[in-house]
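Notes follow once the structure below has been shown.
Every number here is computed from the coordinates shown, using simple stated rules; none is lab data. Remember, it's a predicted structure, so these values are computed and weren't measured experimentally. Backbone-built Cβ (ideal geometry, glycine too); neighbour counts: all protein chains shown.
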Amino acid sequence: MSRERVLITGGAGFIGSHLAELFLDRDYDVTVMDNLLTGRLSNIEHLFGREGFTFHKQDVTNYLHIPGRLDAILHFASPASPYDYLEFPIQTLKVGSLGTHKALGLAKEKGAKFLLASTSEVYGDPLVHPQPEEYWGNVNPIGVRGVYDEAKRFAEAITMAYHRSHGLKTRIVRIFNTYGPRMRLDDGRALPNFMCQAMRGEPLTVFGDGSQTRSFCYVDDLTEGIFRLLRSDTSDPVNIGNPKEMSILDFAKTVIAATDSTSEIEFKVLPSDDPKVRQPDITRARTLLDWEPEVQLAEGLEKTVTYFREELTRHGSERAPTR
Ligand code: UDP
């Protein structure tokens, strides 16, 4: 039997590029589509030349055509850090809505499975803790983060509509905070900011009093969960994340320790609508996918520190700004 082929939209991004690699390693042909708005060719450069790999520079919000067989579409295209989607609010809404519609249309045309990258942001500033998939969330539609949260909520709704109306095989993964190599140094998230600041000996910018919590999952655990979800037969959303929760202040201290830094901590204004807590309930992933995270924070941070050190050396600390 010939090899299966997957299309990954947003495949030049942080998570998309790790997924592309995982599918190639598991003998799939992989086509990446990305308009490189927030993704980077350097994330997938090492994949060019591998058997079955192709790349299309294209905006997913326009008409999509891919010649030949397609067995699955993984729709990961979207600005995804708060800094990015505040800078590109309309593109974020368009890729979550129009882009998801186009990608679903292509899946229907090809008879391909469709997997949507959704997010813990659909839970907004949650009133239920930890967050199970049954929770409907607490999102401010007109707040600054609403462009991402509502785009992803719409994307989930239209994915379910294609499933119900057209019988499309669909999967929805709700991704919680993920970290690892290939995060952009300047994407504005807590981890890249803290890493760069710690490595340069600058103060770490903790927003608010740092008591808000997040739960950080190493990227290899996430991609394994997504692979299993695609091959499962559940159309219900599934949380994939690491339930180990910590305050942002503790996280900053952990990064200082992991980088052997002497940096101090500086408190800055908390951005609006910043969720106060976040922790995935992963019962469903455990039960349906037999999945749970395996990489401890210390181990994941060690690998990430190596990547950040290399990047800072390559670009020179002057030229790789944090925001
Ligand atoms: N944060 C921070 N300092 C930074 C960047 C982020 O304290 O330099 C906080 C942010 O306010 C949030 C948490 O860290 O409470 C995680 O932010 P991130 O942007 O990584 O992702 P989010 O989970 O908010 O989508």
Rounded to the nearest 10, the angle in degrees between the Cα long axis of helix 219-231 and the longest principal axis of the Cα atoms of the chain comes to 20
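Only Lys, Arg, Asp and Glu count, each charged at its Cβ (+1, +1, -1, -1), so figure out the dipole size of the chain about its Cα centre, rounded to 20 debye. Present the calculation step by step, with values, prior to reporting the outcome.
Details: 38 positive and 45 negative charges, 190 e Å.
I would put it at about 920 debye.
Only Lys, Arg, Asp and Glu count, each charged at its Cβ (+1, +1, -1, -1), so figure out the dipole size of the range 45-145 about its Cα centre, rounded to 20 debye.
About 440 debye.
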Gaussian network model of the chain, springs between alpha carbon atoms under 10 Å - residue of 183, 246, 33 with greatest fluctuation:
246
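Give, in nm to one decimal, the length gained when the segment between residue 233 and residue 140 is fully stretched (0.36 nm per residue of separation minus the Cα-Cα distance). Present the calculation step by step, with values, prior to reporting the outcome.
Numbers: separation 93, 0.36 × 93 = 33.48 nm, distance 3.22 nm.
So the chain would gain 30.3 nm between residue 233 and residue 140.
Could you pull out the trypsin sites (Lys or Arg not before Pro) across the range 220-292 that fall in loop regions by DSSP (anything but H, G, I, E, B) with no more than 14 other Cβ atoms inside 10 Å?
244, 276
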Checking the cross-link filter: which aspartates and glutamates have an alpha carbon closer than 13 Å to that of residue 110, excluding same-chain neighbours under 8 positions apart?
4, 71
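Find, among the GluC sites (Glu not before Pro) in the range 119-211, those assigned to loop by DSSP (not H, G, I, E, B) with at most 15 other beta-carbon atoms within 10 angstrom. Could the numbers behind the result be given before it?
On the way: sites: 121, 133, 134, 150, 156; in loops: 133, 134.
Sparse-neighbourhood loop GluC sites (Glu not before Pro): 134.
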At 7 Å along Cα-to-Cβ for each site, give me the label-to-label distance between residue 303 and residue 288 in nm.
2.5
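Which percent of the Cα-Cα distances in the range 102-178 go past 20 Å? Present the calculation step by step, with values, prior to reporting the outcome.
Numbers: 1045 of 2926 pairs.
Tail fraction, whole percent: 36.
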Write out the GluC sites (Glu not before Pro) in the range 1-76 meeting two conditions: DSSP loop, and at most 15 other Cβ atoms within 10 Å of their Cβ.
51
Would you kindly derive the ³J(HN,Hα) couplings of the range 133-143 from the backbone phi angles with the Karplus curve 6.51 cos²θ - 1.76 cosθ + 1.60 (θ = phi - 60°), listing them in order in whole Hz, with x for Gly and Pro?
5, 6, 6, 8, x, 9, 10, 8, x, 9, x
Excluding residues fewer than 8 places away in the same chain, name every one of the lysines whose C-alpha is closer than 25 Å to that of residue 108.
57, 94, 152, 169
Rounded to the nearest 10, the angle in degrees between the Cα long axis of helix 100-110 and the longest principal axis of the Cα atoms of the chain comes to 40
Ranked packing of 140-146, 195-201, most packed first, by mean Cβ within 10 Å
195-201, 140-146
So what's the convex hull volume per residue for the Cα atoms of the chain, in Å³?
125
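Sort 22-32, 171-181, 57-67, 210-220 by packing, meaning the average of other beta carbons within 10 Å per residue, with the highest value first.
Details: 22-32: 18.7, 171-181: 22.8, 57-67: 14.9, 210-220: 20.5.
Per-residue mean Cβ counts within 10 Å order the peptides as 171-181, 210-220, 22-32, 57-67.
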With everything on Cα atoms, drop me the angle between helix 146-166 and the longest principal axis of the chain, reported from 0 to 90° to the nearest 10.
20
For the chain, the charge dipole (Cβ of Lys, Arg +1; Cβ of Asp, Glu -1; about the Cα centre) points to a positive end, and the Cα of 46, 197, 31 closest to that extreme belongs to 31
Here, residue 273 and residue 127, labelled 7 Å along Cα→Cβ, have an inter-label distance in nm of 1.7
